[in-house]
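Asks: The structure follows.
The values are calculated or read from the model by the stated rules, or taken from the named source; none is laboratory data. Computed from a prediction, not measured in an experiment: that's the story for all the values here. Positions of Cβ are backbone-derived with ideal geometry, glycine not excepted, and every protein chain shown enters the neighbour counts. Remember, those area values only see protein heavy atoms, side chains included, never the ligands or the DNA or RNA. Shrake-Rupley method; radii C 1.70, N 1.55, O 1.52, S 1.80 Å.
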Amino acid sequence: MEIKIIIPSPLRTFSNGERSVIFNLEDNSLIIDSIKELEKQFAGISAKIIDEDNNLHNFVNIFIDGEDVRYLEGINTKLTPNCEISIVPAVAGGFK
């Protein structure tokens, strides 16, 4: 299934300036799978999004089709075909 990930400005140094990327993932993939795919493409980016225990950093929000994954299943939220994932730094704090 195809998904789109929107990359915020502070992380575009990892993505060679790309504002968004499109990946093909297996059906029943999760948010964490999309983060792992990002890491394969752009080494070092996942450390800015998740910690060593695969939990979202407190200063990072992820939205799937406009819904905050913290109110869904977090990084274990299932993806749907053609969904759009937005990585958004918190207003206070930002990426470290």
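Asks: If you scan segment 15-60, which residues turn out to be among the polar types (S, T, N, Q) and open to solvent by 100 Å² or more (accessible area, probe 1.4 Å)?
Replies: Those that are among the polar types (S, T, N, Q) and open to solvent by 100 Å² or more (accessible area, probe 1.4 Å): N16, N24, N28, Q41, N58.
Asks: Here is a follow-up. Kindly indicate which of N76, N54 is without any contact (Cβ under 8 Å) to a residue 24 or more places away in the chain and in contact with a helix residue (DSSP H, G or I) (Cβ under 9 Å, 6 or more places away or on another chain).
Replies: Only one candidate passes the filter, namely N54.
Asks: Residue by residue through segment 51-68, note down the ones that are β-branched (V, I, T) and at pLDDT 95 or above.
Replies: Matches in segment 51-68: I62, I64.
Asks: Here is a follow-up. Are any residues in segment 85-96 modelled with pLDDT of 90 or more and exposed (fewer than 14 other Cβ atoms within 10 Å of the Cβ), and if so, which ones?
Replies: V88
Asks: Quick check on K4: is it surrounded by 14 or more Cβ atoms within 10 Å (Cβ to Cβ) and modelled with pLDDT of 95 or more?
Replies: yes
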